[in-house]
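Contents: one structure, followed by commentary.
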Amino acid sequence: MASLTDISLVAQVAVLGNRRAFDELVRRYQSPVRRFFLHQTLGDEQLSDDLAQDTFIKAYTNIAKFRGLASFQTWLMRIAYNVFYDYTRAHKQLADMDSVPERQGSQVSPTLKMDLYHALALLKPDERTCVTLQLVDGYDIKKIAEITQIKEGTVKSHLSRGKERLANYLKQNGYG
């Protein structure tokens, strides 16, 4: 199945109910989806796994609605974005990023307290989403706009402000 395109795999799932075809799609995209959630949840692996699972369940149950107007990966990342948005709406404490949450099971020494997740916690949720989609996942502005359904100009603004905040934080903490 490795040589099959995403579209042919989607067709097999939607028309034939082929679960092995869907398993192949999950194998192809579980890492980017999970990585997206890890950055949005500031490193909470368990929550990231739960949200990724929710994303793939929604993708499976709605796969017949995939029209191919964007790539399957863009469609899937839009579902992931919506899953996270719904989660943050339901759990307001994650939306309040004024303080950095302590991660359970984290053994961070005082000298290593500043890390990527602390820096990302300073960003507004839309800034963090745009910055991680571009810098970590390598999406261009057009793809980020498709995934988030935010206008390209607004994506550029979020990227500019987010990168500036990150750079200032890193400079203040001895990284530049």
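The values are calculated or read from the model by the stated rules, or taken from the named source; none is laboratory data. This is a predicted model, so every value here is computed, not measured. Note: ideal-geometry Cβ built from the backbone for every residue, glycine included; neighbour counts use all protein chains shown. Surface areas here come from the heavy atoms of the whole protein model, side chains and all, with no ligands, DNA or RNA. Shrake-Rupley method; radii C 1.70, N 1.55, O 1.52, S 1.80 Å.
Have a look at V155, I144, L133 and report the one farthest towards the positive end of the charge dipole of segment 131-176, computed about the Cα centre with Cβ charges (Lys/Arg +1, Asp/Glu -1). Towards the positive end, the residue furthest out is V155. Sorted largest first by accessible area at a 1.4 angstrom probe radius, with every protein chain in place, the residues E146, E24, E45 fall in the order E45, E146, E24. Would you work out if segment 1-62 is rounded, prolate or oblate? Take a ≥ b ≥ c from the square roots of the eigenvalues of the alpha-carbon gyration tensor; rounded if a/c is under 1.5, else prolate when a/b is larger than b/c, oblate otherwise. It is prolate, given that a/c is not under 1.5 and a/b is the larger ratio. In this structure, the residue pairs whose Cα-Cα separation is over 27 Å, taken from K65/K156; K58/K142; K65/K124; K142/K163; K58/K151, are K65/K156; K65/K124.
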